[in-house]
Each structure stands twice: as C-alpha cells, then as structure tokens.
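Asker: What follows is a structure written as structure tokens; I'll ask about it next.
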Amino acid sequence: MVENSVLISESSTRDTLIHLLARLLQNGEVDSVFALRGTSQEGRYCYSLITDPSLLNEILPFHPVMPVQGARALSELTITEPFDRPVAALLRPCEIRAFVENVKQSQGSLENIFIISCTCPGVIPASRLLREDREEVQRNLPANIRNACRTCTEFIPGTQADMTVLIASDEPQNSTVIYLHTEKAVEIAEILDSCTLETGKPPAELTSGILETRKKALKDLMREMKAPGDGLQSLVSLFSACIGCRGCREACPLCGCVLCDYETARTLHSPELVRAEAKRKGSLRVPAGTLQFQLGRLMHIAPLCTACGQCSDVCPVDIPVSDVFIRAANLVQESLNYSPGRDTDDTPPMATFAEKELLDITD
Amino acid sequence: MNSILMDLLEKALVSGIVSSVMVPSRGPDNSFPWTLVTDVSALNRVEPVPPVMSVHGAKALASFTQSMPEGKLLAVMRPCEARAAIELSKLEQIDLGNIILLTMDCPGAVPLKEYGEDGTMEPDINRPETLRPLCRQCTEFTSAGDLCLAMHGGLRTVIPLTSGGQELLDSLGMKAESDTSQWKEWANALRGEREKVRAESTEKLKETYSGLQGLVEVFSGCISCRSCRTVCPICYCRLCFIDMKDRRSPASAHLERSRNSGAARLMSNTLLFHIGRMAHMSLSCVSCGMCEDACPSDIPTGRLVSMVSGNTTELFSYSAGRNPEDPLPLNTYQLEELHEYED
Ligand code: SF4
Ligand code: SF4
Ligand code: SF4
Ligand code: SF4
C-alpha cells in the first residue's frame, strides 16, 4: 500500500481519466477498459468493454447513474473464466463490494482487474434521468441521489481499488485528484503527461462532513424500523402494490441464483393448496407468495447486501425496496459481525459454523 | 361499482352454482390485488375493473389452476386477460375445465407509473390520453371468454358468448338483453378508430426502429431487469432460455466481441433476449401491454412484440385467445403449408 500518494491534474476528471486509460491501452498495460457509456438514445446508459482507444471519448466516468450494477456486468464477463490479460475497470465502491461477494461465491474473478474507483457522491435514480430534465436533476446532486446513496457511509472504496478519484469531497476541488494505492498505480501515473505526483491528505479527512450527513441519514432510516410485532403488517402494506415483476431480484448484484428459490416447485404453492386456503379464509390474494418472496429474498440477501440501492431503482411502482433491505442488512450484518465486500478473505457468515454462536439472539 | 355484475357474483356464490370467484379487490394504499373469493361477505371489497392492471389476470389464474378446480370457478377479467387464459390453456398451464371467464367492455387501464403518482386517475375509454399505449390501440376490447358485461350502446347486461356462459345465466335465472344491435355498432365504430391508431403506431415504430440496427437502438437502454418477461402472462417458462448456463461466454469471447467493433455493450445478452422473446411470443401475444407497463426504462416493448406478433398470426391465420378450439399453429403440421416461403 502506498501512503496517500496522489496525482494532481489541471484537466477535468473526465479528460484526465480518458488520457490515462488511452495510455494504458496504447502501451498494452491493459487490453480493455470497463466503463459507463452513453447510448445512441439520450438519457440511457450502459456499461461497455472497450478495446479501441479512439472510442474512449464516449465514456462517462462516474456519471451519476447506475443502469446496471457494475458487479453484475463484471460477473457476466468473468463467471466462466478470469481475464487472462489486464483490464481497467471504473467502479463505484458499492459495485466493488458487491463484486467481492460475487467472487467469494464463484460468480466472478478479480484476477487481472485494475480497479479505478472514486469517493462516491451517489447516483440519481435512472428513471429520473430518463423522465425529468436531466440538467436540472444533475445540478444539485446531493438533493437528487438515491435513498440508498443518501444513507451510504461506505462511499470511500476499500483495499481492492488501485486508484481512487476524489469526486465527493467536503470542499470543491480546483484540480483533479487521484489517489494511487498500489505500486502499479504509481507506475502508471508516472508516465502521464502534465500531471504532478504529491502526497495528500487521506480521502477520509476530505470527506468527513459528508460522512456525518450520511451517518445521520442512516440513523434516521434505522429509527423508522418498526418493532417486530407490527413489522409484518407494515411489510404487507409496503408491498401491497408489488406487481411481482421480480426486477428487484434480477437487478440485485447478489441475487445470483440461476433459478430463484421462490420459483422452484419446492416453494411455489400447489394449486390444490391455494384453493384450499381460499376456501378456509373466504378470500385469498393470488398469486400467493408476494410477501414470501420478499421475506425470502431478504433472508438470503441481508447478510450480504452491499446497500447499492439498485433494487429500488428498477422498481416500476416505486416501492422503497432498498430501504427495507438496507435496514435489515445493517442489523443482521452487525450481529454476524460481517462486512460484505470488505475483503475476499473474509468468510461469508453462512459458510462458517461456530458451536457457540448467536447466543445473544437465542434464548 | 357495477350492480349487475355484483348481483351476478353474489347469486352465483350464494346458490353454490359457482364455488369460487377470481376478481380484483381493493387492497391497502391504492392497490388492486387479485383475490380468490369463496365467501360472499368478501365480495364487498371487490373492484371488478380497477384503474390499473398490476398483475395480469391470466397469470394470477395460472397460479392455481394447472389442475382442474373442484367446483365451478368464475373468473372476472379484462378481454386481454381472458384471451391469455385461453392461450395458457392451450399451452397446458391452465385447465379451463371448470372455469367460466367473464369479461366486460374494457375501459382500458391507466399506466402504472402515472397512477402511482397520486392514485386518482381513472381510465376513460373516450380519452386515450388516460390509457396505456397498447390500450389506445386495442381492437379486442370486448367480448372475450364465456360471458361479457356490455356497458355501451345503451346496454347494461351480461351477454353470453358460449354455451357455458349461457348455462350459467340460465341457472342463475338471469336473462340477457336481446337487442344488441346498438352495442355492436358502438363496438364496430370504436374498433375502426382503434385500428387506425394501431396502423399509425405500427407505421411509426417501423420508421423509427427498422431492421436489426433499429432493434439495437430501441433496446440500448434496456437494463436487463427482465420485468417484461416476468409480468408477461405468456412467458411462463420457469427457467428462461437466456438464463441457462450454456448461454454464458468466457471473458475471452467478450473481448473478441469488443475487438470486432472497438467496444462491446454489456449485458451482452440483451438483444438476444429480446429477439428470442419476440420469437417465442409471436403467436400467443395478446397485446395486453403488461411488459411495457412494467418496464422501468420506458421501452415500447409491448408495441414491438404486438407488432411482430400481428405479422406472424396473420401469416398463420391465427388469433391469440379467440377460440379455445383453434389449435396453436406450431402444434399442427400440414403437409402443404407455407408455400409462399419456398421458391
Ligand atoms: S421490483 Fe418492485 S414491483 Fe417488482 S417485484 Fe420488486 S418490489 Fe415488486
Ligand atoms: S438488496 Fe438491493 S441494495 Fe442490497 S445489494 Fe441487492 S440491489 Fe443492492
Ligand atoms: S408480450 Fe407483452 S403485450 Fe404480449 S402478452 Fe406478453 S406482456 Fe402482453
Ligand atoms: S422490462 Fe424493460 S428494461 Fe427490463 S428487461 Fe424488459 S425491456 Fe429491458
């Protein structure tokens, strides 16, 4: 780990990154670049794997939108085999954390991925960028970011990042500041034109104000958590408008099952059972299992949820799915003493078994 | 609420001629879940034609009718839902054996996303701007299933469409209005208008998104949430072809793809997924618009599938969900067919 070595550039963040990535591609340091790009349709974005340096001017590094969770796209790329040559990937902190969890579950590989991340200011819900005045919503970013981003306290990337671009910071920056965390990052920075290398304050010192705001928002979210008794009724009401599209599950970078448990013959209610229940109760909501799905997914994901907010972002009926998941995740992860995405070496809670565990929540 | 319909449902349940009714009810917070009602007292929350379509009726029905219900089941649904139910019975996902489908002159539905804003919008058949894009161009807005509640052309009556429907009316001692000529005129006039809208919209779609490049363009904003597939009544596969493990390609293949054009879009399967879905849906799509309504990226997927399916069904002289007796074209085989595609 290189201590707080920073690259300073007087060009914009975007230009600096394009220059850097072009150099990497041209010098053969990396074979490809994984980055966000605009599409031919305005207000719509996608991740791309870029090999031609001349196309780099189309990238939108850290543009405040997450059309697909980056971990999901990276997992698609590396699920059957790792990259055999280096690729530079631009990822937000929650995307890195989710991908680290993917790697632990054999859903991808970090091998040969050079990660450029940022101190993350948050992203705007994709549907708002699509339906509203884009310039207007981007103008005041902190006011328009996702709920999940508002409560995110882990907006500085962890140890997997090779470089971190200072984007979120308490004071506006006059120049582009990029932290160089690894030897490789320093090596790369040294070959760039018109940049200087310095030693800077660590990112945490430049973002303490944001952290305070975020912590407060998270605390507010946790306080809203209902007592267990009325919890179920409030969940019924919360998910009453759910149309069962399962977009939340598909978009979640951690829901990686080929066939969801709640689509299997084992968990789907048999036609006979549904009809018998309707007879017994006088009236029954069909298809049955809306809440079963939500609670089941919650159970599977709460220990691993990296609080990205993608599930809320895709919900067509605006159910605050990620609020529910992030609240539960905080409680569960605290009691399991597990921090998803921190380190590939941390064993996931379900994979460990201690004879005397969870004594505090059993009696 | 419609009193003739409520009267019918009540009589049917009380007399025991029907043992359960599937119909939307009013849920908490402006939601309209489907309910399977067996007790008359639960009928007071019924909302037979809610302003939105949150879950497709055929999908709700298929969730508990793969085997035949014990007593008669009366399902109250929109025409596109009844047509999908008939398609699903041909695809062996619903056993229609003991099921009576009751539809109505459908007013259309408000787009989910617009309804959600304050929950006050009502669909108005005469004001297309209150309706979902596919409802605006729907030509089969009435008379599907076994019975139809007619509410236009001066009528307010339940009209039997099949012998099963007639039997139910007879056994309940109900009689349909016999003069339906004005109602038919109303339907023909609206159908004519809607056909024009549909032709215009198809023309526009073709202009904007023609060929493979057009498809690339229209789906470029797809975020691969697969909601279109999950909410579609006809997409019933438990595991979709696109999610099968053999669809996965190694990193090297993705790189290869990127080198071919300088950059490769991710998720890489997007276009294949949509083309595959179009192909699979092209005979049975009932143009219900669920897929489009659920799409968080506002992609006109319903209009596209419906357009493609319009071409295919015409070729096979087939109409999805019209008649339970019409066999699915791909399940029949005729020695002499499709000559126009040979040379
Ligand atoms: S995305 Fe929203 S509507 Fe779809 S299943 Fe999830 S909670 Fe329900
Ligand atoms: S549950 Fe929601 S917030 Fe948590 S990782 Fe999945 S998509 Fe992100
Ligand atoms: S493809 Fe779309 S419009 Fe056609 S049946 Fe399915 S959901 Fe309805
Ligand atoms: S619902 Fe829309 S965004 Fe989701 S997969 Fe379908 S077309 Fe793509």
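Asker: Looking at (1) away from chain A (no Cβ under 11 Å); (2) under 22 Å from residue B:235 (Cα atoms); (3) open to solvent by 10 Å² or more (accessible area, probe 1.4 Å); (4) not acidic (Asp, Glu), which is the one condition that is false for residue B:112?
Answerer: (1)
Asker: Strands (runs of 3 or more DSSP E) wholly in region B:15-102 with at least 2 residues that are open to solvent by less than 10 Å² (accessible area, probe 1.4 Å) and farther than 27 Å from residue B:283 by Cβ - which ones?
Answerer: On the way: elements: B:20-24, B:34-37, B:73-76.
Fully inside region B:15-102 and qualifying: B:20-24, B:34-37.
Asker: Which ones in region B:210-229 are within 16 Å of ligand 2 (Cβ to nearest atom) and not polar (S, T, N, Q)?
Answerer: Selection gives B:223, B:225, B:226.
Asker: Further question: Where the second residue is surrounded by 14 or more Cβ atoms within 10 Å (Cβ to Cβ) and among the β-branched types (Val, Ile, Thr) and the first is more than 12 Å from residue B:158 (Cβ to Cβ) and lies in region B:169-180, which pairs have Cβ atoms under 8 Å and are six or more apart or on separate chains?
Answerer: These pairs meet every condition: B:171/B:17.
Asker: Considering region A:71-109 alone, what residues qualify as being touching a residue at least 60 places away in the same chain (Cβ under 8 Å), within 12 Å of chain B (Cβ to nearest Cβ) and over 15 Å from residue B:252 (Cα atoms)?
Answerer: A:71, A:72, A:107 - these are the residues of region A:71-109 that are touching a residue at least 60 places away in the same chain (Cβ under 8 Å), within 12 Å of chain B (Cβ to nearest Cβ) and over 15 Å from residue B:252 (Cα atoms).
Table: residues versus (1) away from ligand 2 (no atom under 15 Å from the Cβ); (2) open to solvent by less than 20 Å² (accessible area, probe 1.4 Å); (3) not hydroxyl-bearing (Ser, Thr, Tyr).
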{"residue": "A:247", "(1), (2), (3)": "no, yes, yes"}
{"residue": "A:250", "(1), (2), (3)": "no, no, yes"}
{"residue": "A:254", "(1), (2), (3)": "no, no, yes"}
{"residue": "A:282", "(1), (2), (3)": "yes, yes, yes"}
{"residue": "A:308", "(1), (2), (3)": "no, yes, yes"}
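Asker: In addition: With region A:24-139 as the region, which helices (runs of 4 or more DSSP H) entirely inside it contain at least 1 residues that are among the small types (Gly, Ala, Ser)?
Answerer: A:70-78, A:93-104, A:126-131
Asker: For residue A:272, only one of the following conditions fails: (1) out of contact with any helix residue (DSSP H, G or I) (no Cβ under 7 Å at 6 or more places or on another chain); (2) surrounded by 13 or more Cβ atoms within 10 Å (Cβ to Cβ); (3) more than 7 Å from chain B (Cβ to nearest Cβ); (4) not hydroxyl-bearing (Ser, Thr, Tyr). What is its number?
Answerer: For residue A:272, the failing item is (3).
Asker: May I pose another question? Please work out which residue is nearest to ligand 3 (Cβ to nearest atom), limiting yourself to region A:310-327 and to residues that are of a type in the set (Val, Ile, Thr) and open to solvent by less than 30 Å² (accessible area, probe 1.4 Å). So that I can check it myself, show each step before the final result.
Answerer: Applying the first criterion (of a type in the set (Val, Ile, Thr)) to region A:310-327 yields A:314, A:317, A:319, A:321, A:324, A:326.
In the following step, the residues that additionally are open to solvent by less than 30 Å² (accessible area, probe 1.4 Å) were identified as A:314, A:319, A:321, A:324, A:326.
Values: A:314: 17, A:319: 20, A:321: 22, A:324: 27, A:326: 31 Å.
Among those residues, the one meeting the criterion is A:314.
Asker: Given the residues B:147, B:155, which is the only one that is touching a Leu at 6+ places or on another chain (Cβ under 8 Å) and hydrophobic (A, V, I, L, M, F, W, C)?
Answerer: Residue meeting the stated conditions: B:147.
Asker: Checking residue B:222 against (1) open to solvent by 60 Å² or more (accessible area, probe 1.4 Å); (2) assigned to a loop (DSSP other than H, G, I, E, B); (3) within 11 Å of chain A (Cβ to nearest Cβ), which single condition isn't satisfied?
Answerer: (1)
Asker: Is it fair to say residue A:318 is in contact with a Ser or Thr (Cβ under 9 Å, 6 or more places away or on another chain) and not in a helix (DSSP H, G or I)?
Answerer: In short, yes.
Asker: Which is modelled with pLDDT of 95 or more and assigned by TED's automatic domain parsing to the domain that holds residue B:305, of B:240, B:228?
Answerer: Only one candidate qualifies: B:228.
Asker: List every residue pair whose Cβ atoms sit under 9 Å apart, with the two residues 6 or more apart in sequence or on different chains, where the first one lies in region B:86-110 and is within 22 Å of residue B:292 (Cα to Cα) and assigned by TED's automatic domain parsing to the domain that holds residue B:123 and the second, anywhere, is outside any loop (DSSP other than H, G, I, E, B) and among the basic types (Lys, Arg).
Answerer: That search, which allows pairs on different chains as well, returns B:88/B:59; B:108/B:136.
The rows are residues; the columns are (1) under 21 Å from residue A:21 (Cα atoms); (2) among the β-branched types (Val, Ile, Thr); (3) touching a Cys at 6+ places or on another chain (Cβ under 7 Å); (4) surrounded by fewer than 18 Cβ atoms within 10 Å (Cβ to Cβ).
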| position | (1), (2), (3), (4) |
| --- | --- |
| A:85 | yes, no, no, yes |
| A:111 | yes, no, no, yes |
| A:124 | no, yes, no, no |
| A:136 | no, no, no, yes |
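Asker: I would also like to ask the following. Among (1) of a type outside the set (A, V, I, L, M); (2) within 13 Å of ligand 3 (Cβ to nearest atom); (3) closer than 30 Å to residue A:128 by Cα, there is one condition residue B:284 misses while meeting the rest; what is its number?
Answerer: (3)
Asker: Right, here's the next one. Kindly list, by first and then second residue, each pair from a residue in region B:226-255 that is among the charged types (D, E, K, R) to a residue that is more than 10 Å from ligand 3 (Cβ to nearest atom) and open to solvent by less than 40 Å² (accessible area, probe 1.4 Å), limited to pairs with Cβ atoms under 7 Å and residues at least 6 apart or on different chains.
Answerer: Matching pairs, first to second residue: B:226/A:250; B:229/B:240; B:247/B:269; B:248/A:79.
Asker: Scan A:177, A:165 and give me the residue that is within 22 Å of the chain's Cα centre (by Cα), of a type in the set (A, V, I, L, M) and open to solvent by less than 20 Å² (accessible area, probe 1.4 Å).
Answerer: Testing whether each residue is within 22 Å of the chain's Cα centre (by Cα), of a type in the set (A, V, I, L, M) and open to solvent by less than 20 Å² (accessible area, probe 1.4 Å) leaves just A:165.
Asker: I'm trying to understand the selection: among the residues of region A:169-194, which are of a type in the set (Gly, Ala, Ser), outside any helix (DSSP H, G or I) and closer than 22 Å to residue A:99 by Cα? Talk me through it step by step, then tell me what you get.
Answerer: So the first thing to find is which residues in region A:169-194 are of a type in the set (Gly, Ala, Ser), and the list is A:169, A:175, A:185, A:189, A:194.
Those left that are additionally outside any helix (DSSP H, G or I): A:169, A:175, A:194.
Across region A:169-194, there are no qualifying residues.
Asker: If you don't mind, there's one more thing I want to ask. Restrict the check to region A:290-297 and report whether at least one residue is more than 11 Å from ligand 1 (Cβ to nearest atom), open to solvent by 10 Å² or more (accessible area, probe 1.4 Å), among the hydrophobic types (A, V, I, L, M, F, W, C) and not in a loop (DSSP other than H, G, I, E, B).
Answerer: Taking every residue of region A:290-297 in turn, at least one turns out to be more than 11 Å from ligand 1 (Cβ to nearest atom), open to solvent by 10 Å² or more (accessible area, probe 1.4 Å), among the hydrophobic types (A, V, I, L, M, F, W, C) and not in a loop (DSSP other than H, G, I, E, B).
Asker: In region B:234-249, is there at least one residue being more than 20 Å from residue B:59 (Cα to Cα) and among the aromatic types (Phe, Trp, Tyr)?
Answerer: no
Asker: Could you list, in sequence order, the residues of region B:212-235 that are more than 6 Å from ligand 4 (Cβ to nearest atom), under 20 Å from residue A:249 (Cβ atoms) and not β-branched (Val, Ile, Thr)? Can you show your working first?
Answerer: Here is the first cut: in region B:212-235, the residues more than 6 Å from ligand 4 (Cβ to nearest atom) are B:212-221, B:229-235.
Remaining after also requiring under 20 Å from residue A:249 (Cβ atoms): B:229-233, B:235.
Once the filter is applied, which keeps residues that are more than 6 Å from ligand 4 (Cβ to nearest atom), under 20 Å from residue A:249 (Cβ atoms) and not β-branched (Val, Ile, Thr), region B:212-235 yields B:229, B:232, B:233, B:235.
Asker: Take the residues of region A:248-306 that are among the hydroxyl-bearing types (Ser, Thr, Tyr) and farther than 30 Å from residue B:42 by Cα: which is modelled with the highest pLDDT? First the steps, then the outcome.
Answerer: Initial filter on region A:248-306 (among the hydroxyl-bearing types (Ser, Thr, Tyr)): A:262, A:264, A:267, A:270, A:283, A:290, A:306.
Subsequent filtering for residues that are farther than 30 Å from residue B:42 by Cα retains A:264, A:306.
Numbers: A:264: 87, A:306: 97.
Top of the filtered list is A:306.
Asker: Turning to a different aspect of this structure: State the number of residues belonging to region B:260-277 that are assigned to a helix (DSSP H, G or I) and either touching a strand residue (DSSP E or B) at 6+ places or on another chain (Cβ under 8 Å) or closer than 22 Å to residue B:201 by Cβ (or both).
Answerer: 3
Let's see how each residue does on (1) touching a Ser or Thr at 6+ places or on another chain (Cβ under 6 Å); (2) surrounded by 22 or more Cβ atoms within 10 Å (Cβ to Cβ):
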site: A:148; (1), (2): yes, yes
site: A:157; (1), (2): yes, yes
site: A:193; (1), (2): no, no
site: A:218; (1), (2): yes, no
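Asker: Can you pull out the residues in region B:278-315 that are within 14 Å of chain A (Cβ to nearest Cβ) and either small (Gly, Ala, Ser) or assigned to a helix (DSSP H, G or I) (or both)?
Answerer: B:289, B:290, B:291, B:292, B:293, B:294, B:297, B:301, B:302
Asker: Go through region A:16-32 residue by residue and tally those that are of a type outside the set (A, V, I, L, M) and without any contact (Cβ under 8 Å) to a residue 60 or more places away in the chain.
Answerer: Count: 4.
The values are calculated or read from the model by the stated rules, or taken from the named source; none is laboratory data. These numbers come from a predicted model, not from an experiment. A quick note on method: Cβ atoms are made from the backbone with ideal geometry, for glycine too, and the neighbour counts reach across all protein chains shown. The area values use the complete protein model at the heavy-atom level, side chains included, leaving out ligands, DNA and RNA. Shrake-Rupley method; radii C 1.70, N 1.55, O 1.52, S 1.80 Å.
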